[in-house]
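Below is one structure; the comments refer to it alone.
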Amino acid sequence: MKGMGSMKKYDVVALGELLIDFTENGRSPQGNPFYEANPGGAPCNVLSMLTKLGRKTAFIGKVGNDIFGNFLKDVLEEVGIDTLNLMMDDEVRTTLAFVKTFPDGDRDFSFYRNPGADMMITEADVDKELLWNTKIFHFGTLSMTHEGARNATKKAIAAAKGAGAVISFDPNLREPLWKSLEEAKEQVAYGLSQCDFLKISDNELQWFTGEKDFDAGIRKLRIQYDIPLIVLSMGKEGSRAYYKNLRVESAPFLQETTIETTGAGDTFGGCCLHYILKCGLHDFDKAKLKEMLTFANAAASIITTRKGALRVMPSKDDVEALVRKSV
């Protein structure tokens, strides 16, 4: 089967966190940092990249019925993500994250989520019909840090799997949000056991497998979980894809205008899902994998030159122009 041409209404449905990333944006005359309220949350960053590439997407999640929650709903509608299964919580406020950016573009997060509305999603909030109508279902681990949201995530996975959807997983580990890293490991293991496509970062791979060598770490995952397609993001070292007996690597697009890395991994992952929709999970070859990684690396590179992510994803033309420029 070439591509994923089924009659389902949605290309990708994602479940998880939708929040405000307060990112530093200059200083006041008194020397205090200014923080800009950027809409964020990994699953919606992924969906936003996909909508920019012409894909039909929907989000399952919960925000507070407050200033920030209403703003986030408006932003999703503005970028074209279906919000029919976005709940508004009257009791719990929208989750906030304050992001400190270091000179090299790396980040540190302080979360205000004790609780936050994204944690309050329950099994009853999950619309199974939405999941029966998607080609791909995508999730991460922020929806698995607490029991109620964890059960909602598992229900969504089961419904999507039952309808033949490809299951996509990005651990997106945020250590401060877990009671312990052992619990985080258990939930990452569950995600790995369910997925057909895995996007994982270099540091997450080393943490989970205990292997410093990336190939050795991926080998461990493939033996234990038999995941058809794994992509590894390595930051300034580029990316790799592991598929059947193929291992393909693609160089990064480093830019002097990089200001922060927020959303780069999500942008990269969204582009890979675009290629799964285009090629079909079982129809990749070396050339297609290389094209996918090159396109995804370029898109991720562009997002590092912009503040925030969800609202400023690059267009297909932007990405292709950067690829051509670098040939």
Q) Which value in nm describes the separation of the simple spin-label points at Lys220 and Tyr35, placed 7 Å from the Cα toward the beta carbon? A) 3.6
Q: Report the residue, chosen from Asp21, Asp89, Asp285, that carries the largest GNM mean-square fluctuation when the chain is represented by alpha-carbon nodes joined by springs under 10 Å.
A: Asp285
(Q) Nearest 5 percent is fine: what portion of the DSSP beta bridges confined to the stretch 74-197 is antiparallel? (A) 55
Q: Please get the size of the charge dipole for the chain, origin at its Cα centre, with Cβ charges of +1 on Lys and Arg and -1 on Asp and Glu, quoted in debye to the nearest 20.
A: 1040
Q.
As I understand it, the dipole of the chain uses +1 on the Cβ of Lys and Arg and -1 on the Cβ of Asp and Glu, about the Cα centre. Which of Ala241, Ile167, Gly265 lies farthest toward its positive end?
A. Ala241
Q: Decide, for the stretch 287-327, between rounded, prolate and oblate: order the square roots of the alpha carbon gyration tensor eigenvalues as a ≥ b ≥ c, take rounded if a/c falls under 1.5, and otherwise choose prolate if a/b is larger than b/c, else oblate.
A: prolate
Q.
Which of the three applies to the stretch 26-91, rounded, prolate or oblate, going by the alpha-carbon gyration tensor with a ≥ b ≥ c and a/c under 1.5 meaning rounded?
A. oblate
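I want the antiparallel fraction of DSSP beta bridges within the chain, as a percent rounded to 5.
Numbers: 23 of 52 bridges.
Here the share of antiparallel DSSP bridges comes out near 45 percent.
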Q.
Going by amide H atoms built from the backbone, whose H comes under 5 Å of the H on Leu86, apart from near neighbours?
A. Gly61
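Starting with the fewest neighbours, write out Lys288, Lys179, Lys52 ranked by other beta-carbon atoms found within 10 Å of each beta-carbon.
Working: Lys288 17, Lys179 9, Lys52 22.
By the 10 Å Cβ count, ascending: Lys179, Lys288, Lys52.
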Q.
Counting other beta carbons within 10 Å of each residue's own, what order do Ile227, Ile259 fall into, fewest first?
A. Ile259, Ile227
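Contact order normalised by length for the chain, with contacts defined as Cα pairs under 8 Å and 6 or more residues apart; what percent is it?
On the way: 698 pairs, mean separation 61.7, N = 327.
Contact order relative to length: 19 percent.
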Q: Work out from phi, with θ = phi - 60° and the Karplus expression 6.51 cos²θ - 1.76 cosθ + 1.60, the ³J(HN,Hα) of each residue of the stretch 50-66, listed in order in whole Hz, and give x for Gly and Pro.
A: 5, 5, 5, 8, x, 8, 8, 10, 8, 10, 10, x, 9, 10, x, 7, 9
Q.
Please list, in order along the stretch 301-313, the HN-Hα scalar couplings obtained from phi with the Karplus expression 6.51 cos²θ - 1.76 cosθ + 1.60 (θ = phi - 60°), rounded to whole Hz, x for Gly and Pro.
A. 4, 4, 5, 6, 9, 10, 6, x, 8, 3, 8, 10, 4
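Applying a 10 Å radius around every beta-carbon, put 265-278, 29-42, 109-122 in order of their mean neighbour count, most first. Walk me through the intermediate numbers first.
Numbers: 265-278: 25.7, 29-42: 16.3, 109-122: 19.1.
Final packing ranking: 265-278, 109-122, 29-42.
Rounded to the nearest 0.05, what FRET efficiency do Ser315 and Glu175 give with R0 = 35 Å and r taken as the Cβ-Cβ distance? Could you check? Can you show the working numbers first?
Details: r = 34 Å, r/R0 = 0.97.
The pair Ser315/Glu175 has a calculated efficiency of 0.55.
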Q) Cα gyration tensor of the chain, axes a ≥ b ≥ c as square roots of the eigenvalues: rounded (a/c below 1.5), prolate (a/b > b/c) or oblate? A) rounded
Q. Using the count of nearby Cβ atoms within 10 Å as a rough guide to exposure, how do Glu147, Glu320, Glu204 rank from fewest to most?
A. Glu147, Glu320, Glu204
Q) Taking the simple approach of a point 7 Å from Cα along Cα-to-Cβ for both Met7 and Phe109, what is their distance in nm? A) 4.0
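Values in this text are rule-based calculations from the coordinates and carry no lab data. The structure presented is a predicted model; accordingly, all values stated were derived computationally and were not measured. Heads up, the Cβs are rebuilt from the backbone with ideal geometry, glycines too, and the neighbour counts pull from every protein chain shown.
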